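One structure below.
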Amino acid sequence: MPTIGVKRDLLFEALGKKYSDDEFQHLCFEFGLELDEVTTEKQMISKEQGEDAKQAEGASEDVIYRIDIPANRYDLLCLEGLTLGLLVFLKKMEFPMYKTVQCSASDNMKLVIKPDTGKIRPFAVAAILRNLFFTKDSYNSFIDLQDKLHQNICRKRSLVAIGTHDLDTLEGPFVYDAKPPGEIKFIPLNQTKEFTAAELMDFYSTHAQLKQYLPIIKDSPVYPVITDVNGVVLSLPPIINGDHSKITLNTKNVFIECTATDLTKAKIVLDTLVCMFSKYCKDPYTVERVRVEYPDGKYEDCPELDYRKEIVQCDKVNKCIGISKTGEEIATLLSKMCLESELLESGAVRVTVPPTRHDVIHACDIYEDVAIAHGYNNIERTLPKTSTIGQQLPINKLTDLLRFPIAQAGFTEALTFSLCSRDDIASKLGYDIEHVPAVHISNPKTLEFQVCRTTLLPGLLKTIAANKKMPLPVKVFEISDVVIRDEGVEVGARNERRICAVNCNKTAGFEVVHGLLDHVMMLLEVPWDAELGYQLRPIEDASYFPRRCAEIVMRGSVIGKIGVLHPEVLSKFELNNPCAAVEINIEPFL
């Protein structure tokens, strides 16, 4: 859930009323938002970097409201959108009608997409805001909204990258092409020296903000670039804009371009940006279209700013939410949520979805807005019409039944992370990661959380390593899930409930974990029998000492392993004493 920071005084000025902190918190709650924190810029810097941070010295003391915004409400990610939504909700204004005008042919305002862009970033859309008037606060809000969109729907610029330019410094038509990095030369934003695109990759490799975007295009043979008719570089998406066309407080005409790998999201981003700031144009809520020409000869005028019509049935609305509202009342509630609505003769409600509400993609989204406008706390609590009896899942009941006897056997329960590094489940245990059926995290934040664990053993060994000061023996166990990649199930992976126990002592203590295994089997009423019960079968495993490992077989199926861990495994987990371990799958006992 993204959080935006807005200056309290600017917010109250736009709302036309001053609120106490509690009053505004209540208003946010009614609108489906949450006032997360009341702070100042200086306090935020001090909190992040410490009381002695130099940046805090000249920071503003203006009160800032930090507000949590639902991740799908892109229209509320800036002061302009937030105040518009609240004013409509409070019935202090009507929702504006956004409109587009076509550029005149003489202006030659079009964006031509070249075929080579298909190799890296094939889509682009554009628009123009004419006769715009920026103040310092609205300019900062304009930049901040772009950053919020980049982090949210744009997925850190991997799906969409926004570029905004001073149109008066450029001349159309514009060209979107993809060229080898050595052929792209320009002065990047806020720099004075000209760089090639290849040089920029090295120059920004240590930049605090931009270095995270470099991998998006760095290894590509061609880089995307936008130029005007004179060859002036507007931007090198998704990295940085050119300094030539940078916008300032004096900028009157803004050219906005969005390059993307997802055309739908590019249109959403463009619609959101122009709708929020077209209010500052000389002709408010009016956006100038730009013709986008594709390599196949087709063209499209952007932005569309379409108003979509949806029809919802009042009985379904009432049933889903648990209220009893008439069609007129439902239409009134929806109009408070920026969804202009009217009651039809049939008794249904026709809802007009504006271009700012791209989060409305299904009737249930409209039902949700009715519930928010009505107030969740105002929904009458009723007993369900059907009675059901809650019951514990069998696997969880078995887990709870086994915990206590294992603890009574002298083992201490541990609770370890479900995510671990690739090395933990592979190289440290003597396996090749390619042969481990692990579920990998596509964008891991740290090296410690790269995959879902396929065994409980690494977590227990790391727990013992972190408690070396404890007296020997150290006996720990865990009953929890592992995740196994399985193409045979719908989601491609399955959970498996296991017990794992480790005995760490001056001697291996294999008999201790063997005794625990026998104790668990006795509790589960599984006899020591090759056909009707369980048995041990010798195997060789890279994680265990040679000829000191066995697989646990129950009624012909392998359910786990038991043995003395290999010294190399202990060394990689920074353990100095021998360890014996047992791990079994308990789901076959259900």
Going Cα to Cα from K462, which lysines come in below 23 Å? Please leave out same-chain ones fewer than 8 positions away. K428, K445, K475, K506, K561, K572
A student applying the Cα gyration tensor rule (rounded when a/c is under 1.5; otherwise prolate if a/b is larger than b/c, oblate if not) would label the stretch 479-526 oblate
Let me spell out the model: positive unit charges on the Cβ of Lys and Arg, negative unit charges on the Cβ of Asp and Glu, origin at the Cα centre of the chain. What dipole size does that give, in debye rounded to 20? 580 debye
In degrees, nearest 10, range 0 to 90: what is the angle between the Cα axis of helix 327-336 and the longest Cα principal axis of the chain? 80 degrees
Between the Cα axis of helix 136-151 and the main Cα principal axis of the chain, the angle (0 to 90°, nearest 10) is 40 degrees
Of the cross-linked pairs K92/K279; K179/K252; K91/K282; K156/K282; K110/K218, which ones have a Cα-Cα span greater than 21 Å in the structure shown? K179/K252; K91/K282; K156/K282; K110/K218
Note on the stretch 190-273: alpha-carbon gyration tensor, axes a ≥ b ≥ c; rule is a/c under 1.5 for rounded, else prolate if a/b larger than b/c, else oblate; result oblate
Based on Cβ point charges of +1 for Lys and Arg and -1 for Asp and Glu, what charge dipole magnitude is obtained for the stretch 502-590 about its Cα centre, in debye rounded to the nearest 20? 260 debye
With the contact rule set at Cα under 8 Å and sequence spacing of 6 or more, what percent relative contact order holds for the chain? 11 percent
Using a 1.4 Å probe over the heavy atoms of the protein chains, calculate the carbon and sulfur portion of the accessible area of the stretch 136-226 as a whole percent. 48 percent
Does anyone have the angle between helix 510-523 and the longest principal axis of the chain? Alpha-carbon axes, 0 to 90°, nearest 10? 80 degrees
Can you tell me, using C-alpha contacts under 8 Å and at least 6 residues apart, the relative contact order of the stretch 211-280 as a whole percent? 16 percent
Rank P458, N241, T135 by how far each Cα sits towards the positive end of the charge dipole of the chain (+1 on Lys, Arg Cβ; -1 on Asp, Glu Cβ) and give me just the farthest. P458
Rounded to whole Hz, the Karplus (6.51, -1.76, 1.60) HN-Hα couplings of the stretch 154-167, x for glycine and proline: 7, 6, 6, 6, 6, 9, 9, 10, 9, x, 10, 9, 6, 5
Whole Å is fine, so just give me how far the alpha carbon centre of the stretch 395-430 lies from that of the stretch 310-360. 51 Å
Show which lysines lie in cross-link reach of K316 when reach means a straight Cα distance below 23 angstrom and same-chain residues fewer than eight apart are skipped. K325, K336, K385
Using a 1.4 Å probe on the protein heavy atoms, what percent of the accessible area of the stretch 469-566 belongs to carbon and sulfur? 53 percent
Using θ = phi - 60° and the Karplus relation 6.51 cos²θ - 1.76 cosθ + 1.60, list the HN-Hα couplings for the stretch 293-304 in order, rounded to whole Hz, with x at every Gly or Pro. 9, 8, x, 7, x, 6, 9, 8, 8, 10, x, 7
Probe of 1.4 angstrom, ligands and nucleic acids ignored: what's the accessible area per residue over the chain, in square angstrom? 51 Å²
Dipole of the chain [Lys/Arg +1, Asp/Glu -1 at C-beta], most positive-end residue of A266, L344, N152: N152
Given Cβ point charges of +1 (Lys, Arg) and -1 (Asp, Glu) and nothing else, what value in debye, to the nearest 20, does the dipole of the stretch 59-145 about its Cα centre take? 440 debye
What FRET efficiency comes out for E487 versus K179 if R0 is 51 angstrom and r is the Cβ-Cβ distance? Round to the nearest 0.05. 0.80
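The values are calculated or read from the model by the stated rules, or taken from the named source; none is laboratory data. This is a predicted model, so every value here is computed, not measured. For neighbour counting, all protein chains shown are included, and Cβ atoms are generated from backbone atoms with ideal geometry for every residue, glycine included. For the accessible areas, the whole protein counts, side chains as well, though only heavy atoms, and no ligand, DNA or RNA atoms are used. Shrake-Rupley method; radii C 1.70, N 1.55, O 1.52, S 1.80 Å.
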